[in-house]
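One structure is given below, encoded as structure tokens.
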Protein chains: 4
Amino acid sequence: MSDEPILKSRRRPDVETTIVAIDNVRFGDGSYPVIAGPAVVESEEQILAAGRIVAEGGGSMLRSGTHRADNSPYSFRGLGDEGVWLLEKAGHESGLPTVTEILEPGNLEFISHHVDVLEVGPDNMQNFVLLRAAGATGKPVLLHRGSSATIDEWLMSAEYVLAEGNDDVILCERGSRGFDPRTSDTVDISAVPVTQQITHLPVVIDPTPVKGDPEIISPLALAGRSVGADGLIVAIHPDPENAVAGNGSQLGPDSFLKLMESLGIPMLRDEIDRIDRELVKLIARRLHSSVEIARIKASKGIALRSPDREAELIEEAREDARSLGIEPQYAADLMDLVLSYSRDAQRQSLDEDSAGS
Amino acid sequence: MSDEPILKSRRRPDVETTIVAIDNVRFGDGSYPVIAGPAVVESEEQILAAGRIVAEGGGSMLRSGTHRADNSPYSFRGLGDEGVWLLEKAGHESGLPTVTEILEPGNLEFISHHVDVLEVGPDNMQNFVLLRAAGATGKPVLLHRGSSATIDEWLMSAEYVLAEGNDDVILCERGSRGFDPRTSDTVDISAVPVTQQITHLPVVIDPTPVKGDPEIISPLALAGRSVGADGLIVAIHPDPENAVAGNGSQLGPDSFLKLMESLGIPMLRDEIDRIDRELVKLIARRLHSSVEIARIKASKGIALRSPDREAELIEEAREDARSLGIEPQYAADLMDLVLSYSRDAQRQSLDEDSAGS
Amino acid sequence: MSDEPILKSRRRPDVETTIVAIDNVRFGDGSYPVIAGPAVVESEEQILAAGRIVAEGGGSMLRSGTHRADNSPYSFRGLGDEGVWLLEKAGHESGLPTVTEILEPGNLEFISHHVDVLEVGPDNMQNFVLLRAAGATGKPVLLHRGSSATIDEWLMSAEYVLAEGNDDVILCERGSRGFDPRTSDTVDISAVPVTQQITHLPVVIDPTPVKGDPEIISPLALAGRSVGADGLIVAIHPDPENAVAGNGSQLGPDSFLKLMESLGIPMLRDEIDRIDRELVKLIARRLHSSVEIARIKASKGIALRSPDREAELIEEAREDARSLGIEPQYAADLMDLVLSYSRDAQRQSLDEDSAGS
Amino acid sequence: MSDEPILKSRRRPDVETTIVAIDNVRFGDGSYPVIAGPAVVESEEQILAAGRIVAEGGGSMLRSGTHRADNSPYSFRGLGDEGVWLLEKAGHESGLPTVTEILEPGNLEFISHHVDVLEVGPDNMQNFVLLRAAGATGKPVLLHRGSSATIDEWLMSAEYVLAEGNDDVILCERGSRGFDPRTSDTVDISAVPVTQQITHLPVVIDPTPVKGDPEIISPLALAGRSVGADGLIVAIHPDPENAVAGNGSQLGPDSFLKLMESLGIPMLRDEIDRIDRELVKLIARRLHSSVEIARIKASKGIALRSPDREAELIEEAREDARSLGIEPQYAADLMDLVLSYSRDAQRQSLDEDSAGS
């Protein structure tokens, strides 16, 4: 009626590009993280196997359906809450954050406690009640474009999440309803740069709706990277031929690994970035822990430095290196460095404590 | 996976065409009932006025938004539960059954107690959780086709309601997303007979999405009747220029009356059918009441027939007829007939009672 | 670049609605003429039979393919110029004007000498060279909307014909490419009133592309009338099951007659209008001829009136009436009237001649 | 009707992937040649400038409109045959083969004598008369997909060219009509691999219809390469702001050069391949000429070898090398090699001649 509200999703000179970070995975920083997993969690064995495949291939997140929506009321609805537990377990074992589709506000509290990202499917893009509820959880939301939604309508749906004070929206272009029976939907890769011009939110692509043929998914995955998408979704299954759902559109382990290889060097670079971030995180955690130990020791009057322990640690690192096939001296040097920083931090911390006392 | 389930929505030799009856309104019996009302309940005054216009024009149901979905999270969301109360009141005052859009399972119990038909909008056509919950209420469901849904997908969504044991589904064709900026959506009238070939459920049309121009809505309403649709939805507003929502697509009172006139003779015929059904219902109710009175009188030893009362009734009917401009003798004859049947029924009932004792 | 040219196809206060008249058939005057015929001329026998069916059912024009375009280069291309001759013959025998699709400027001269209306198919809607050439013939052009053309693009194509000084353009809405496999194309009936708002040219509809099922074609034909279309195209064939082309989308004789009956009273009214126009034309021609005769007689000194001849004419009319099952006196009175006018005109003409000499 | 004809466009085990070669440019061999040029030839100055820009940027072909089709009959129709002459001249000066759109069979003979590739635009994809005529010229045909054509329909149109015995068809995916006003058409990059699975013909992409924004064209050009397209079309203009036609969708010189740079190393590799092919061709031509000279000398009794001439050639090569900034010895060695082969060929040829006499 009156003046137009300012839309939070729009690019404006004063708004930075949003980076949505889930653990070490980052959407919107120029990398191309791959979200992969089976259409639906079928069993513990299946989802653990899927997690291993995704991790091995260099995927960044594990995705699977738990409370499932299907065109037909007579289809398998998923394992429900049990599926959520299994997905969480598979995430832990594979070291990957997880994402699952949400269908109703009713069980959002449970799901958002066990899963890292909440996915809103294309059919629910304009289920505004669900969007508002998802926004209110504070969890990152992966928002698919409806199969005949304009870009502006899609961003308006994102606005529902943002309006709840939740900035972590990842947009997913997954194709529009097309007229050609050869492709069930048209994956509109050209929508990626057009959308990125309008919004500061990251945009990933999901080429699954086109056709489940690995020979088609792979070039589209590569094209998504070239066009500047902020990530990729692919459906995989440990044994696609015997899958309960999503038949025909899930890549098997070999096709997935081949795809990841063809994404190649850039993917390795992402992997390195991820490990580096993990290293820094581990070092920080180590530092924090060693400072805690120092305090405890100090309070109990125990000597701080134990050269024997340090020598032992270094020797262990050498041995680990050997078994992993890298130069033992490299590991020893790393440990030396780590230990030296550790000592400095401990000393500094104790000085501050005594200064404060 | 295994054998295909039999779809309840499909025409089969052993399945009759479904007639969804709400009070006197029937969808699927060859009539063309008109559902009309404003996009959203704005105030008591507005919705009461709308009800009067719809009733006066010969519309069959009153429709308006209460808990409202809008593309933008910053738009007016409707009056919520208060809107539901006001819609119910307007329905009572105008003598029209009511329909409002539902958005979430959470408040379905409340809404289904106060409104006659639950509407599922095109954006929620594949909100399967909502469909299941709507089905479970047992209330008739008005199910819009999604703007890029195939007919088969639409029927699959209806299946969710039917699978809950609720047979009262009215399908609404409201157009598919088109590419021509001249018409925001293409109202696919040709989908009506195609859909009716496949399903036994009634199919109504809603030409609103094309363009709010009365000069366009009216010919489409006529075409809908010719093509065999089972009813029509039109958006009307007592004062379209000052409407809070749905601007530009709501007919004003004059345009609505003109449209209803152009629907003309067939509409009058429907009206007559409706009144006849009402007459039969009233007579049945009268008969039932008079039998009850007879029993009470008998149990208390009061004389059954009171010729004075009958003469009085006939005289009143004559007077009513005069004030309504119809022949008094017509009314008197009608009352004679009614009273004669009434007496027979009373007598028969008392005989049965004494036979049973 | 510079100022926009005024578009001739657009409605403007100073431009009247265009009526395209071909013999007695008028598009744009509120009637609903039906153009019917087989997809392609197969043989003399077939097209003559088709002409008889169309005429018998009350159709207004005979349409068939002669130089044929088909998706496949290996399909039957039609009988070519021979087909044109046969179509012309069938038109003469059935008393119906004819229409055939044109494909290239090369044979337009020939075709436009033998056929009454030139049809430009949806595939050629933007074949601007062909449009210009068709415009230049001066023959009426039946211009199909391309399957994904906007209304504005369609009118721009009409503009090519109009720009050649040819005002006789009939627009044909035949559906847009849709996504639903249930209907090969979506016949956008709503486009009819929208288009009529913008242009003064007549708009007919062709529901053939939806589905060849008579149960679908008939309701759409009725809806087209209700929505205000200026005419209808239907594909018919004397023996649809053995048709060489257009299989599955052509109505057989019975389905066609049933459709024409269901178009019913309004069609009869059109038929009457057509006959009346024919009557007036015949009378005018008769008058003209009798005046010519009078002049010749006068120049040769032969007596003008021959009462024997007149009595004979009246007697013949009586006899014709008897054999046609109408009241002989009706025919006699008609002849009296015709003869009386004839005499007056002859006399008047001779007076003028002598006055002029 | 009877048995289906075998489609020449389809991949079959016994059919190799088609490589369409125009001079040194090859479509279908894994390279990614870029076709570029202005929407329409406006003047000699403009098209010569465009040719220079395309050649400088590393483009492979020069493309421009001469006989132009435009939605409006009142728009600039191009320079016609004069435009063809100018395009040919610009092609010669820039060393690039040329391509222009054809509209009618009438002037195909003229155009095919002066231009290297005949382009059939999306509007004419089903102008079967034109396709047949284009096929009959024997010239390579660049066939755009219609804006709502299915892949199968597109290949059926290619079949019209192939059926004339002309195997040189390059398919161009240029997007389908979409519903989103943000992008006038959806460039369906996913159609590239799907189409390549079905046909052995090369498939190039033209992202122009999406939006003329260089920031959108460039990522799509890169994505086209990643997805495996066999080439790219981009619209460029020496001065886009003052272009007569195609405003807003033509890249300026800087944007074009930046795009070509971002296509980067793979483009350089293509360039090298092109030069190598050119080198081999030049050497072959040189060999042929020197043999001819030898024969002439022999017939006239002139000595075959002139060491002075050879020394002179080597010295010239050294000097050219210096001025081009490469090592003179490299050029000298090349010439030594060339001359040595030349002598061998001359000798061999003369021996054969005397043996034959």
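The values are calculated or read from the model by the stated rules, or taken from the named source; none is laboratory data. The model shown is predicted, which means the values in this text are computed figures rather than measured ones. Cβ coordinates were reconstructed from backbone atoms using ideal geometry, including for glycine residues, and neighbour counts include every protein chain displayed. The area values use the complete protein model at the heavy-atom level, side chains included, leaving out ligands, DNA and RNA. Shrake-Rupley method; radii C 1.70, N 1.55, O 1.52, S 1.80 Å.
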Problem - Counted residues, segment A:181-192 - those being more than 16 Å from D:D206 (Cα to Cα) and modelled with pLDDT of 80 or more - result: 1
Handout entry: So D:P214, is it over 15 Å from D:R145 (Cβ atoms), assigned by TED's automatic domain parsing to the domain that holds D:F27, touching a strand residue (DSSP E or B) at 6+ places or on another chain (Cβ under 9 Å) and surrounded by fewer than 24 Cβ atoms within 10 Å (Cβ to Cβ)
Key = yes
Fill in the blank from the handout: Checked pairs for segment A:202-225, first at pLDDT 85 or above, second acidic (D, E), C-beta under 7 Å and 6 or more apart or across chains, list as A:P202/A:D230; A:V203/A:E173; A:V203/A:D230; A:V204/A:D230; A:I205/A:E173
Practice task
Identify, by number, the condition in (1) within 7 Å of chain D (Cβ to nearest Cβ); (2) open to solvent by less than 10 Å² (accessible area, probe 1.4 Å) that A:V192 doesn't meet.
Solution key: (1)
Handout entry: So C:I6, is it among the aliphatic types (A, V, I, L, M), within 14 Å of chain D (Cβ to nearest Cβ) and either farther than 16 Å from C:E119 by Cβ or free of Cβ contacts under 8 Å to residues at least 12 places away in the same chain (or both)
Key = yes
Problem - Candidates C:V99, C:V54 - the one that is within 18 Å of the chain's Cα centre (by Cα), touching a residue at least 40 places away in the same chain (Cβ under 8 Å) and over 23 Å from C:D123 (Cβ atoms) - result: C:V54
Completion exercise
Note on segment C:43-56: residues open to solvent by 30 Å² or more (accessible area, probe 1.4 Å), in contact with a Ser or Thr (Cβ under 8 Å, 6 or more places away or on another chain) and farther than 13 Å from C:G95 by Cβ are none
Problem - Per-region count, segment B:117-157, residues closer than 25 Å to A:G78 by Cα and hydroxyl-bearing (S, T, Y) - result: 3
Practice task
Starting from residues that are closer than 21 Å to B:L251 by Cα and without any contact (Cβ under 8 Å) to a residue 40 or more places away in the chain, keep the ones in segment B:57-87 and report whichever is surrounded by the fewest Cβ atoms within 10 Å (Cβ to Cβ).
Solution key: B:G78
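Does B:G325 fit the bill of being modelled with pLDDT under 65 and at positive phi? Working first, answer last.
Working: modelled with pLDDT under 65: yes; at positive phi: yes.
Yes: the conditions hold for B:G325.
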Completion exercise
Out of (1) within 14 Å of chain A (Cβ to nearest Cβ); (2) open to solvent by less than 20 Å² (accessible area, probe 1.4 Å), the one B:V34 does not meet is (1)
Handout entry: Residue within segment A:72-79 that is under 21 Å from the mean Cα position of the chain (by Cα) and among the aromatic types (F, W, Y) present
Key = no
Exercise for the section: Output the number of the condition that B:H114 fails; it satisfies all remaining conditions of (1) within 28 Å of B:G248 (Cβ to Cβ); (2) in contact with an Asp or Glu (Cβ under 8 Å, 6 or more places away or on another chain). Expected result: (1)
Problem - Pairs with Cβ under 6 Å, 6+ apart, first in segment B:19-44 and at positive phi, second open to solvent by 10 Å² or more (accessible area, probe 1.4 Å) and in a loop (DSSP other than H, G, I, E, B) - result: B:G28/B:T17; B:G28/B:T18; B:G28/B:I19; B:G28/B:D230
Practice task
Say whether the condition of being in a strand (DSSP E or B) and not basic (K, R) is met by at least one residue in segment B:55-64.
Solution key: yes
